[in-house]
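Taking it in order: structure first as structure tokens, then the write-up.
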Amino acid sequence: AATKLASAEKLMYFCTDQLGLEQDFEQKQMPDGKLPVDGFLLCVDVSRGMNRNFDEQLKFVSNLYNQLAKTKKPVVVVLTKCDEGVERYIRDAHAFALGKKNLQVVETSARSNVNVELAFGTLVQLADRSRGKAKIIPYFEALKQQSQQIAAAKDKYEWLVSRIVKSHHEAWPGVARKMQPAPEFQDYVYLEGTLKAKKLFLQHVQRLKQEHIERRRKAYLALLPQALDALVPDLDEIDRLSRAKAEKLLEAKPDFAKWFVVLEETPWDATGHADADVDGERIPFDLLETPAGERLYEAHLEKLRDERRRAEMRRAFRETLEGSPFVTPGKPWEEARSFIMNEDFYQWLEEPVYMEIYGKHQKQLIDRAKEDFQELLLEYSELFYELELDAKPSKEKMGVIQEALGEEPRFKALQKLQAERDALVLKHIHFVYHPTKETCPSCSACVDARVEQLLSQRFARPPPESSARRHHGDVDRLNLVILGKDGLARELANEIRALCTSDDRYVLEGKMYELALRPIEGNVRLPVNAFQTPTFQPHGCLCLYNSKESLSYVVESVEKS
């Protein structure tokens with residue numbers, strides 16, 4: 001309770017945290033070794049202490065207050081540790097202060113930094129009456145205000161961190177120096193301290209790292225179906241393999257290293273590979289063992305199975321059409337579908353697919369029926385001898401022709417295409433009186449036209465050898481790029497292969513060609529999707545699309561290549 005202290009060249013204050021580390025803290029000494037005391041903070045611990053009787057403490061505080069009162073200096077009672085305070089202890093402390101004249105009480109928590117400044121400010125106001133009177137706020141109300149203040153400061157500080165820190169490679173010392181002048185940083189550190197500011201920074205950096213890893217993961221997973229399509233496009237190769245054997249099969253593929261990289265340390269996202277730019281386009285092989293990788297592998301298997309089922313359904317439908325007596329030339333799909341469709345067909349393919357197959361089959365039927373009808377007209381050539389040159393046959397003559405041919409099956413085959421049948425009759429009449437290669441019903445197969453074509457090829461001057469090689473390449477082998485996304489390229493390649501022999505050979509107009517197909521569905525800037533390779537020089541490219549999106553992909557890919 002002394003009001004005059006004297007201790008020359010001694011520290012003005014000390015804290016137990018400073019013992020042994022005094023040089024690490026700011027040091028202030030008593031001026032001239034003398035220090036007058038202007039007031040007292042009388043602290044009362046209102047928490048439930050171990051082996052401590054609060055009534056004994058309050059008795060000690062009462063005796064101490066009696067000593068302080070004699071100094072005539074202002075006294076403020078400070079209730080400490082209110083964050084763990086016992087309600088009865090707080091109530092008893094207030095009752096004690098109420099019994100003293102003008103004794104003010106401030107509820108504080110040093111740990112939560114609540115009302116600490118208020119306690120000192122209240123004492124200063126009592127010592128210096130010229131200052132405004134401090135408003136004393138109960139602990140829980142002050143805690144609520146401070147929590148709101150801290151929350152607002154935290155939001156602003158987190159905004160500052162997100163604006164400054166864009167990479168998960170940033171370190172705290174450098175970032176702290178950048179943020180030092182910012183009021184958002186200063187306010188939050190003042191309220192919560194540097195350690196909590198650093199903790200929020202580390203949480204933000206961790207979020208950035210996880211976002212970076214997730215972006216890499218999504219990119220790898222997006223590439224994985226393409227890798228599986230390229231390495232294991234054949235269902236028979238992997239259909240009954242265990243996962244371990246399937247992985248060994250993948251590793252044994254010649255193009256494995258183009259798509260995958262095998263890391264010494266796994267998992268990939270817990271190693272330096274997550275940040276490495278090297279092999280950024282290749283998929284870490286251990287990604288296949290993750291749940292997402294396993295799902296994509298199973299989806300690849302299921303897709304191959306579905307493609308096989310769809311191909312089988314298309315083939316079965318074509319066979320049904322070819323064997324059905326109800327499908328005749330010119331019969332509309334709406335009339336034929338009820339005779340040839342069943343539930344099994346609809347399970348795997350949509351109706352537009354069947355309509356497309358039906359349309360192709362109808363074209364074959366109609367072309368064949370027209371050829372047969374043309375033969376029929378040639379067999380009945382005597383019907384056309386009596387016509388005048390360049391005269392259009394009368395209705396009566398057309399009636400005679402139709403009556404003569406009416407019972408012929410080849411005539412009846414075109415009964416749903418009467419207009420085309422009549423046009424063939426008129427075309428035949430024109431040919432009878434003007435038999436030239438232009439009017440020949442055999443069109444390009446006309447012997448006169450073929451003879452001219454063969455003679456022109458036989459006696460045409462051959463181009464220079466280098467030019468022929470540059471423009472025509474090897475005429476016996478065709479290298480074709482098939483470009484299209486979302487399975488279009490692969491599906492057409494399968495359709496073409498289905499028309500070839502077992503060794504990918506195709507006969508066109510009596511000539512045998514060896515086909516090499518390169519379906520491309522990904523980014524053509526990647527080596528695995530390039531149009532040309534050291535072993536593949538394309539003679540042409542088939543571009544497929546069925547939507548605006550897939551057309552845009554074709555345009556961009558052609559421009560890039």
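How large are Rg and Dmax for segment 210-307 when calculated on the C-alpha trace, in angstrom?
13.3, 39
Which listed residue (212, 291, 6) has the Cα farthest towards the positive end of the charge dipole for the chain, taking +1 on Lys and Arg C-beta and -1 on Asp and Glu C-beta about the Cα centre?
Among 212, 291, 6, the one farthest towards the positive end of the dipole of the chain is 6.
By how many degrees, between 0 and 90 and to the nearest 10, does the Cα long axis of helix 139-164 differ from the longest principal axis of the chain?
40 degrees
Could you look at the chain and say what percent of its accessible area is carbon and sulfur, using a 1.4 Å probe and all protein chains?
Answer for the chain is 52 percent, counting heavy atoms of protein chains only.
Taking the Cα centre of the chain as the origin and placing charges on Cβ (Lys, Arg +1; Asp, Glu -1), which of 446, 508, 112 is farthest toward the positive end of the dipole?
Most positive-ward Cα: 112.
Given H placed 1.01 Å from N in the peptide plane, which residues other than close sequence neighbours of residue 283 have an amide H under 5 Å from its amide H?
260, 261
Show me the GluC sites (Glu not before Pro) within segment 221-324 that DSSP assigns to loop and that have at most 14 other Cβ atoms within 10 Å of their Cβ.
Here the sparse-neighbourhood loop sites are 264, 265.
Rounded to whole Hz and in sequence order, give me ³J(HN,Hα) for segment 397-410 from the Karplus expression 6.51 cos²θ - 1.76 cosθ + 1.60, θ = phi - 60°, writing x for Gly and Pro.
3J(HN,Hα) across segment 397-410, in whole Hz: 5, 4, x, 4, 4, 5, 5, 5, 9, x, 8, 6, x, 5.
Residue-wise, which Karplus ³J(HN,Hα) couplings in Hz belong to segment 321-336, taking 6.51 cos²θ - 1.76 cosθ + 1.60, θ = phi - 60°, and x for glycine or proline?
Those phi angles translate into 4, 5, x, 8, x, 7, 8, 10, x, x, 6, x, 4, 4, 7, 8 Hz.
Report the Cα-based extents of the chain along its three principal axes, largest first, to the nearest Å.
Here the spans come out as 151, 56, 48 Å, largest first.
Once you list every other residue whose beta carbon is under 13 Å from the beta carbon of residue 533, what net charge do they have if Lys and Arg are +1 and Asp and Glu are -1?
Surrounding charge for residue 533 is +1.
Just to be sure I follow the definition: excluding the sites themselves, where is the longest run in the chain that has none of the chymotrypsin sites (Phe, Trp or Tyr not before Pro) in a DSSP loop with at most 16 other Cβ atoms within 10 Å?
26-325
Roughly how big is segment 1-156's charge dipole about its Cα centre, with Cβ charges of +1 (Lys, Arg) and -1 (Asp, Glu), in debye to the nearest 20?
So the dipole magnitude of segment 1-156 works out to roughly 720 debye.
Just need log10 I(q)/I(0) for segment 59-132 at q = 0.17, 0.19, 0.20, 0.21 Å⁻¹, Debye formula, equal scatterers on the alpha-carbon atoms, no solvent, rounded to two decimals.
For segment 59-132 at q = 0.17, 0.19, 0.20, 0.21 Å⁻¹, log10 I(q)/I(0) is -0.70, -0.86, -0.94, -1.02.
Sorting 341, 179 by accessible area (1.4 Å probe), largest first, what list results?
341, 179
Quick check on the chain: of the DSSP beta bridges with both residues there, what percent are antiparallel, nearest 5%?
30 percent
Counting alpha carbon pairs within less than 8 Å and at least 6 residues apart, what relative contact order, in whole percent, applies to the chain?
Value for the chain: 6 percent.
How large is the accessible surface per residue of the chain, computed with a 1.4 Å probe and reported in Å² as a whole number?
For the chain, the per-residue accessible area is 64 Å².
Write out the trypsin sites (Lys or Arg not before Pro) in segment 54-163 meeting two conditions: DSSP loop, and at most 12 other Cβ atoms within 10 Å of their Cβ.
70, 72, 101, 111, 129, 131, 133, 135
Out of the trypsin sites (Lys or Arg not before Pro) in segment 21-56, which ones are loop residues according to DSSP with at most 11 other C-beta atoms within 10 Å?
Loop-located and lightly packed - 28, 52.
How would 37, 114 rank on accessible area, largest to smallest, probe 1.4 Å?
So the residues, ranked largest to smallest area, are 37, 114.
So for the pair residue 215, residue 64, with labels modelled 7 Å out along Cα→Cβ, what separation do we get in nm?
Taking the simple label geometry, residue 215 and residue 64 are separated by 5.9 nm.
Would you calculate, for the chain, the mean residue ellipticity at 222 nm contributed by helices, counting each DSSP H stretch of 4 or more residues as -39,500 (n - 2.57) and dividing by all residues, to the nearest 500?
Rounded to the nearest 500, it is -17000 deg cm²/dmol.
For a quick check of understanding: with a 1.4 angstrom probe and all protein chains in place, what accessible area in square angstrom does residue 290 have, to the nearest ten?
Here the accessible area works out near 40 Å².
Please report, in cubic angstrom per residue, the volume enclosed by the convex hull of the alpha-carbon atoms of segment 83-235.
167 Å³
Hey, what's the Cα Rg ratio for segment 475-560 versus the globular rule of thumb, 2.2 N^0.38 Å?
That ratio works out to 1.13.
The values are calculated or read from the model by the stated rules, or taken from the named source; none is laboratory data. What you see is a predicted model, and the numbers here were worked out from it, not measured in a lab. Methodologically, a virtual Cβ is constructed for each residue, glycine included, from the backbone with ideal geometry; neighbour enumeration extends over all protein chains shown. What goes into the accessible areas is simple: the full protein's heavy atoms, side chains included, and nothing from ligands, DNA or RNA. Shrake-Rupley method; radii C 1.70, N 1.55, O 1.52, S 1.80 Å.
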